[in-house]
Each structure stands twice: as structure tokens, then as C-alpha cells.
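The values are calculated or read from the model by the stated rules, or taken from the named source; none is laboratory data. Small disclaimer: the values here were computed from a predicted structure and weren't measured. With ideal geometry, Cβ positions are generated from the backbone for all residues, glycine too; neighbour counts draw on all protein chains shown.
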Amino acid sequence: MTDIPNTFNLDGERIHFEPGETILQAALKAGHFIPHLCANPEFTPHGSCKLCLVVVNNRSGSACVMKALPGLEVQSDTPDLNHRRRTLLQMLFVEGNHFCPGCEKSGNCKLQALAYDLEMFNDHFTHFFQPREVDASHPDFFLDRNRCINCELCVRASREVDGKNVFGIAGRSLEAHIVVNSPTGLLGDSTFAKTDRAAEVCPVGALLPKEVGFRKPIGARLYDSAPISQTPTAVKEEV
Amino acid sequence: MTEAIVEPEVLEPIIARYNGDPGNLLQILIEAQNALDWLSPGTQGFIAKSLDIPVTHVAAVVQFYTHLYDTPRGKYRVLFSHNITDRMAGSPTLMAHMLKRLKLKRGVVSDDGLVSVGKTSCTGMCDQGPALLVNNRAITRLTLRRIDEICDLIRARAPLANWPAHYFRVEDNIERADMLLGSAYAPGEALRAAIACGPTGMMAEMKRSNLRGRGGAGFTTAVKWEACRDAPGDERYIVCNADEGEPGTFKDRVLLQSFAERVFEGMAIAGYCTGARKGLIYLRGEYTYLRAPLEAKLSDFRRNRLLGMGICGVPGFDFDIAIHLGAGAYVCGEETALIESLEGKPGRPRIRPPFPVTCGYKNQPTVVNNVETLCKVTEVAIHGGLAYAGTGTRQSAGTKIISVSGDVERPGLYEYPFGVRVSQVLEDAGAYDAIAVQISGAAGQCLTPQEFGRRIAFEDVPTSGSFMVFGNNRDLFEAALNYAHFFEHESCGFCTPCRVGTALIARILEKIHSGHGARYEFNELNRLHQLISTSSHCGLGTTATNALHDIMTKFPTVFDRRLIRRDFEPGFDLDAALARAREVAGRDDANAHLDAHLGEGVDA
Ligand SMILES: Cc1cc2nc3c(=O)[nH]c(=O)nc-3n(C[C@H](O)[C@H](O)[C@H](O)COP(=O)(O)O)c2cc1C
Ligand code: SF4
Ligand code: SF4
Ligand code: FES
Ligand code: FES
């Protein structure tokens, strides 16, 4: 325990927090990056991707759901944790169908950016090659389930900010997938609009705007000049 | 989605009976399916509209529970229990026989829409298997002859109610009784004893008893109750966890069948001590047949003023119990998933903290206790905490019921004081050639004969109460593969390590099973075990690879025998992939096949 109230130790650095904040929130605010995919401090924590794994007082936990407490000893940037994160990323890559070279999200994608940053050089595991439905029924947006990582950010944004409940997750185990709230199950028949907050939150290329293909060229995108862990917006944008 | 006829006259009364409350969505869907055989898009849409909830919520529930169907599965829906003990008792042969007789493929409905045959996770009939469920009714002790009879009944379209009643008989098979299974029961005795102590006095007895939960984690019951009592809330709840999904476990089924009154009294006493006025029993769908007798016993209790308002004439002591059904999801045994399910949602474990004792059912303070734990409460009330603490070991007071199945002469329930040696249980059950015992279901540990001297107690070998015994002609690899398929199927799909990891484990074990696994795969399994067991969101993931890891480390020959001696072999079978080309070319001679060197190195 430290004498200074409302601070904890993250990889040997002292981090200040406001009571009620999660470890991830406090760390990002202090400019200290912890990898994360399903977290966005704007919405209720989810704790599903497990990329934000940390070791707190010798026990593993998710930084996006664990409340910061005075005196915690938190490890994040360790070889063991980064190795575990790399394996989790590989799991996500072989679970879905990701064709980065042809993906409009490439360069702006958090999954891809974390994979680069954590030096994930290959997919390692055998691909599942699961058939996943693509929904192009909406005039302004695609829903490509091939690239969905079940982070439920769109679900939360639509429910909590847009007040629409457009999205949901159905099915368990590997069959868990995004479903759309409309009579036909199609996005085009739902109340989804391109101005929704849900339209902006997808960390990957599963919810993509139509007709803006590669407006910003590859090479000039969000994570192209510096790794995600050193991209100021990635560290600060969400706090 | 396809058009489907909706039957408002069927659905409306069901929805009305549940007050149109979305919190009862799961119960409504279960009843709707009982009436309509499946939940069509039309049915789902109608229910969503009536309850004023997004249709995605309905779809999420339907697709989460394996016994709810969004495609037609026939008038007769047959599911064979796929637990390793059922398999050892011959269930694969029986299922193949039924499929052949009905000219069916597994999981595919017959052309006339009459019947489908599939597999399901352990149905809790391991001591009287092989077993199956037909429209959620258990049939035990299957034989080839019984399968033939069932096929005839299905073809004749005989209503289940007209099937021979003895098919559905479920035995208790109590082989060794002690404090709980062996003592006489007088209705209300425990409740009156608790009332005589007063709520605080009874809580003190609970503390003295050192009673610990029988559901697996072994948490001290009095501590849980106190936390619930002291937490702020408008209403408090006592939940009885009767999900009993852990493969090989069936003690709670017997307790609910023949000792249910003690469960009710235990719940009422918990209510008395914590101030809860409502009790909920979460009964797994596989035990649906217990519902009617339980309801009847609850009515008796109310009539005798052992439940309801002013219990035993004590003003202000109000407590009543309702039953909720599950619909095929092992994860719903996890207490926060169970609470989600009670609220009518998919059973996905919550983030903890907060724990149920402060924020549980409807976000109110909630105690979740196992069926057996609640029975033990009546012993504490009647005999007092000190007397209770007098049996068992220092850290594990009282007796424990163990469900024994597999390669033993006398499968059934065995109750012992804590501290009993594994070898004693095996001897009593008639396990003469055991090479391994899987303790505590698929999530537990696998013991070698060198460990049979160890004791059943929280301080040595903890158990939620099951022994699956493997005789010397058994291949533990089959068990490992069975558990892997179980966890892959039962993962709630929420977190990455468990959702993807359990599927990867299953694929790797299948590769080894097919003779293409090398040391590389063995190492991969180890690596995945490390990750899944430390990084998963809930207890399902963190325990999913325990047994596998035990088998890999303590029974080295199980894997050594199967691994090829090369470092690595691709899982992709090039020769098999060329089958289509051979077909097109119309040839199947030796030259149309790749060199058979792929099989080299595989031990026979
Ligand atoms: C995947 C999983 C399945 C579980 N299944 C059951 C079960 O079927 N019955 C049960 O009583 N506890 C089960 N538990 C344990 C419960 O979460 C909880 O600890 C228990 O019901 C508490 O009751 P007790 O204190 O009386 O043991 C399960 C836990 C996990 C992680
Ligand atoms: S979503 Fe991301 S990881 Fe997936 S294909 Fe697109 S860029 Fe690659
Ligand atoms: S569509 Fe995007 S935001 Fe929604 S769950 Fe999938 S990956 Fe997450
Ligand atoms: S960011 Fe914490 S689990 Fe996804
Ligand atoms: S999916 Fe349940 S523990 Fe991860």
C-alpha cells in the first residue's frame, strides 16, 4: 500500500485515478497505453475480448472492468502478458475471416493495429473458415460479419446512446454472432442510420460505410505512422 | 426470414399467465415450444411484440439455449445423452441403431416432419444410463430392444402420455446413506427449530456449523447469508441452484425427487435469517419431469403453513418459492449466469464484482445455494451448529453425497462424512479395476490409482459430488475428447479465450484422434491450457482444461500412444482434398492417390 491516496502502480509507474474509474480508464488518461478492443469508456464495460489482461496483485484480470484502488500493483507490459495477448489476437484472426489487404478498414483497424504492435507475425492456428453472412441491405452501411469480433460496441452504442437497440448478439460458443432488430433481420429494414453513434464505434471493418472506399490512402491512416500504443488519439481519444 | 403461421390463441394465454413480463421470456418460450414444437420467426416476432421488446432479445434467448429450436425439429425430438459414461455404456451403438431404424441422419428431421435424433450434454442419469430425452422427458436404461419399441411408438405417432410409464422411471439408487439420506424427516421440524433460535440465533448456529457450499466452490454459507442480510436492498432473494449440469453429477436430482421438503425448509430458513421473502428454484430443463411433483409438494407446504404468509404462525415470517426452468445450458449453473437466466435472458456470466449477495436477481441482494447445501441447513437447525461441525474434517464439516458412475458394480449415491478416502468409495461401489477417477465432473480433476489414498475434503480433493470411474479397458483419450466437445458446445461465447480456445482444443484433439497429431499438438494443448485457464471470464473457461491437463501430465501413455513420431504433420489432408478431382476424373486407382506416406509413423 502506498500513502498517496488514489494512485496505483502500473508497470512501476504511479498512476492517479478518480474514484470509480477502471484501471484502463485511469491508465489511458495518464497517457499509459493498455491494449484493448471491446472497451470504450463512453459505454458500459464489457470485459469480453480479454486484450486488456493485466496482473493485479498476482492475479489475472481485465483492466477495463477492474476498478482502480489505492496501492494496487498492476502489471501490463510484460512478456508473459503480451504473449497471452498475441495468442488472443491470433484466436480472433482465425475465428473470423480477415482479408486485411483488401479491407477498407486497414490502417484504421484496432485489431490489425494491435496485431502489428504486439508483433503478431502470423495467425498460428488453423483457420476455422466459418461461413458468415454479409448484409448489404442498408443504403449507407455494410454489415460484414466475417470481420466482426463480437465486441458488442455497436450493441452498446445503439442501446445506450442512440436509444435504438438495433443490434444484439445471439448464439453461443463459436456460433455467437450479431443479429439485427428488424422484421427481416436485415440492417436495411432496421432503424439504423449513418448518423448513429453505433455507426462509428466498430473497432474493425465489420460495420463499414458505403461509397467512401479508400478516400484516405493506405499509408496515411490512423495507425500507419506510429504503432497504436504510441498513437496519441488511441491513448487519449476515448477519455 | 421465412413466413410462418402464428397461433395467437396458443401464445396469448401463455404470455398472460406470465403477466406479459419480459423477465419471464425464457419461461414463455419454453411453454410456447411445448405447445408448438418449435419457435418460428413468426412466433418469436409475436412474442417480442406482445412483450414490447426487440426481436433480437427473443432471438438471443432462443439461440442460447440448446433445447429451444428456431427450426422445426419434429413432433418427437430425441436427444441421446452424450456424456462419457453414457458412451461407455453403449450409447453410440444405440443412437446409430435408432438412426438406422428411422432412416435418419443425426440432427436432420425426417421428411414427414415427425422426428429428429441428436445428442445432448449429460442428462444426469449416469447411474442408470444410457439415457435419452424425448421432448425433454428422460428415458433411462436403454437397450437395443427398448430403442426398437421407441421407434415403433414414434412411427405410430403415439402421444408421450401413452408410452409405457416404466420407461420414464428414474431410480434413486441410494447405496450408502448417512446424515442426510439416512435420517428420518418430520415436516417443519427444522423450521420450528430455527424459529426457536430466532434469526440472529440461527445465523449464529450456521456460523458455528462451518457449513460450506456443496456446489463446488466451497464458500462458507453463513458468510454468504450475512453479506446478503447486511446488503442494502428493497427485496432479497434465495435461489436454489438446481442446474446440476456438471457431467456425472446426479445427487441434486435425487434430493429434489425424494428429499425436496428439506430443500424447501432450507430455503425458508435462509429467508428467515436474511430477511428474504422470495425463493426461486432454478431447475435444469433435463429435470422438467420433477416440476409437477415439486409443485404439488410446494402446495402441501403452503397448506401446512410451512410456506406462505406467517410461516408456523410467526407473524412477519413470509416466504414462498417459485420454480423456473432452464433449457439446456451448462453455464447457467454458474451463479451469475443463472441469475441472468432467471431474469429471462441468455445465461452469460456477469462481471464480478458486484457479487450476487449485494447485486443479484433484479439487482437485489441474492443468496445462491446448491440443493445439497440447503438440505444441510436443516441438519444445522435441528442438531445445532456444534453438533454439525462434529462430523467430517476440520475444514470440511458434515457429510457429502457423491454420485458414482462409470465402471463400477453399484452406481448410485454414496454419502460419507468428509474425509473419506477415494479408495473407500471405490471399494464400496465395486470398482475393481479402476485406472482413473474423474472427480467433480468434466471441470474437475482426474486422479490416478496412486492418488486413491487421498481424501474427499475441501483441504485435499474438493468435489461438487461426482466420481466417474474408468476401468482398465478404457482409453482416457476418449474422455478427454468428450470433455473437449462438451466445453466447446457449452461455452457461452462471451470471451475470446473460452469461445475460441475451447474450439481450438477440440480441433487439436480431433487431429490427434485421427492419427495426425505430433508432439507439436501436445505442446499446443499445454499452451492453450495455460491461456484459457488464466484468462477466461468465468469458471467455465477457467476449469475447461483441468481434466485435459491432468490426463496429459499424469497419464503420459494416453497421448504418447497416439502421437506420431515426426515433429509435425499438417492437419490438411491433401489426399482427401483430391477426392472430388478423382470423382470428376472417374478413377480411384493407386496412382490417383498421393503416396500413402502420410500415414507412416502412426502407431497401430
Ligand atoms: C460453469 C459452472 C457451472 C456450475 N454449475 C453448478 C451447478 O450445476 N450447481 C451448483 O450448485 N453450482 C454450480 N456452480 C457453482 C455456482 O456458481 C455457485 O458457486 C454455487 O451454486 C453456490 O452454492 P453453494 O455455496 O451452496 O455451493 C457452477 C459454477 C460454474 C463456474
Ligand atoms: S477488420 Fe481489421 S483485421 Fe479484419 S480484415 Fe479488416 S483490417 Fe484486417
Ligand atoms: S459489428 Fe463491430 S462493433 Fe459490432 S460487435 Fe462486431 S466488431 Fe463489435
Ligand atoms: S478491453 Fe477489456 S476485455 Fe476487452
Ligand atoms: S465464454 Fe464463458 S468463460 Fe468465456
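For the reader, a short list of remarks on this structure follows.
- Qualifying residue in region A:139-147 (condition: within 12 Å of chain B (Cβ to nearest Cβ) and either in contact (Cβ under 8 Å) with a residue 12 or more places away in the chain or touching a His at 6+ places or on another chain (Cβ under 7 Å) (or both)): no
- In a residue-by-residue description of region A:198-212, the property of being under 17 Å from the mean Cα position of the chain (by Cα), within 10 Å of chain B (Cβ to nearest Cβ) and within 16 Å of ligand 4 (Cβ to nearest atom) applies to no position.
- Selected residue (criterion: nearest to ligand 3 (Cβ to nearest atom)) from residues of region A:55-83 that are more than 11 Å from every other protein chain (Cβ to nearest Cβ) and either under 21 Å from residue A:228 (Cβ atoms) or within 20 Å of the chain's Cα centre (by Cα) (or both): A:63
- Entry remark, region B:309-332: residues being among the small types (Gly, Ala, Ser), outside any loop (DSSP other than H, G, I, E, B) and under 21 Å from residue B:364 (Cβ atoms) number 1 in total.
Quick grid of which residues meet (1) within 16 Å of ligand 1 (Cβ to nearest atom); (2) within 14 Å of chain A (Cβ to nearest Cβ); (3) assigned to a loop (DSSP other than H, G, I, E, B); (4) over 24 Å from residue B:458 (Cβ atoms):
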site	(1), (2), (3), (4)
B:179	no, no, yes, no
B:184	no, no, yes, yes
B:191	no, no, no, yes
B:201	no, no, no, yes
B:206	yes, no, no, no
B:215	yes, no, yes, no
B:226	yes, no, no, no
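- Residue match in region B:495-503 (condition: crowded, with 18+ Cβ neighbours inside 10 Å and away from ligand 4 (no atom under 16 Å from the Cβ)): yes
- Considering region A:1-43, and only residues there that are within 14 Å of ligand 3 (Cβ to nearest atom) and within 14 Å of chain B (Cβ to nearest Cβ), the residue that is farthest from residue A:78 (Cα to Cα) turns out to be A:43.
A quick yes/no check of all residues on (1) hydrophobic (A, V, I, L, M, F, W, C); (2) within 21 Å of residue A:114 (Cα to Cα); (3) within 16 Å of ligand 1 (Cβ to nearest atom):
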residue	(1), (2), (3)
A:66	yes, no, no
A:73	no, no, no
A:76	no, yes, no
A:79	no, yes, no
A:84	no, yes, no
A:87	no, yes, no
A:91	yes, yes, no
A:94	yes, yes, no
A:100	yes, yes, no
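- Strands (runs of 3 or more DSSP E) lying entirely in region A:2-113 (those with 3 or more residues that are without any contact (Cβ under 8 Å) to a residue 24 or more places away in the chain and either away from ligand 4 (no atom under 15 Å from the Cβ) or not small (Gly, Ala, Ser) (or both)): A:13-16
- If the condition is being within 13 Å of another protein chain (Cβ to nearest Cβ) and either β-branched (Val, Ile, Thr) or farther than 19 Å from residue A:48 by Cβ (or both), then region A:166-188 contributes A:166, A:169, A:178, A:179, A:180, A:181, A:182, A:183, A:184, A:185, A:186, A:187.
- Filtered residues of region B:310-350 (kept if small (Gly, Ala, Ser), more than 29 Å from residue B:194 (Cα to Cα) and within 16 Å of the chain's Cα centre (by Cα)): B:326, B:327, B:328, B:329, B:337, B:341, B:347
- Of all residues in region A:44-53 being surrounded by fewer than 24 Cβ atoms within 10 Å (Cβ to Cβ) and over 11 Å from the mean Cα position of the chain (by Cα), the one that is nearest to the other protein chains (Cβ to nearest Cβ): A:45
- Hits in region B:402-427 (condition: surrounded by 18 or more Cβ atoms within 10 Å (Cβ to Cβ) and in a helix (DSSP H, G or I)): B:422, B:425, B:426
- Unmet requirement for residue B:299, which otherwise passes all of (1) in contact (Cβ under 8 Å) with a residue 60 or more places away in the chain; (2) out of contact with any Lys or Arg (no Cβ under 8 Å at 6 or more places or on another chain): (1)
- The sole residue among B:87, B:101 that is surrounded by fewer than 23 Cβ atoms within 10 Å (Cβ to Cβ), closer than 21 Å to residue B:470 by Cβ and at pLDDT 95 or above is B:87.
- Residue within region B:21-28 that is crowded, with 21+ Cβ neighbours inside 10 Å and under 30 Å from residue B:403 (Cβ atoms) present: yes
- If the condition is being closer than 25 Å to residue B:502 by Cβ, hydrophobic (A, V, I, L, M, F, W, C) and within 15 Å of ligand 3 (Cβ to nearest atom), then region A:89-114 contributes A:89, A:91, A:92, A:93, A:111, A:114.
- So residue A:185, is it in contact with a Phe, Trp or Tyr (Cβ under 8 Å, 6 or more places away or on another chain), free of Cβ contacts under 8 Å to residues at least 40 places away in the same chain, more than 16 Å from ligand 4 (Cβ to nearest atom) and not basic (Lys, Arg): no
- Entry remark, region B:242-276: residues being more than 18 Å from residue B:212 (Cα to Cα), part of a helix (DSSP H, G or I) and either β-branched (Val, Ile, Thr) or outside the structural domain of residue B:306 (by TED's automatic domain parsing) (or both) number 1 in total.
- Annotation note: of A:92, A:69, the sole residue that is surrounded by fewer than 17 Cβ atoms within 10 Å (Cβ to Cβ) and out of contact with any Pro (no Cβ under 7 Å at 6 or more places or on another chain) is A:69.
- The listed residue being touching a strand residue (DSSP E or B) at 6+ places or on another chain (Cβ under 6 Å) and within 11 Å of chain A (Cβ to nearest Cβ), out of B:496, B:534, B:542: B:534
- Any hit, region B:545-558, residues being within 16 Å of ligand 1 (Cβ to nearest atom) and in contact with a strand residue (DSSP E or B) (Cβ under 7 Å, 6 or more places away or on another chain): yes
- Taking region B:71-151 and the strands (runs of 3 or more DSSP E) fully enclosed by it, the elements with 3 or more residues that are of a type outside the set (Asp, Glu) and more than 17 Å from residue B:165 (Cα to Cα) are at B:76-81, B:115-120.
- Within region B:19-42, being touching a residue at least 24 places away in the same chain (Cβ under 8 Å) and touching a Ser or Thr at 6+ places or on another chain (Cβ under 7 Å) holds for B:20, B:26, B:36, B:38, B:41.
Per-residue answers, yes or no, for (1) assigned to a helix (DSSP H, G or I); (2) at pLDDT 95 or above; (3) more than 29 Å from residue A:79 (Cα to Cα):
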| position | (1), (2), (3) |
| --- | --- |
| B:528 | yes, yes, no |
| B:532 | yes, yes, no |
| B:542 | yes, yes, no |
| B:549 | yes, yes, no |
| B:553 | yes, yes, no |
| B:558 | yes, yes, yes |
| B:564 | no, no, yes |
| B:567 | no, no, no |
| B:571 | no, no, yes |
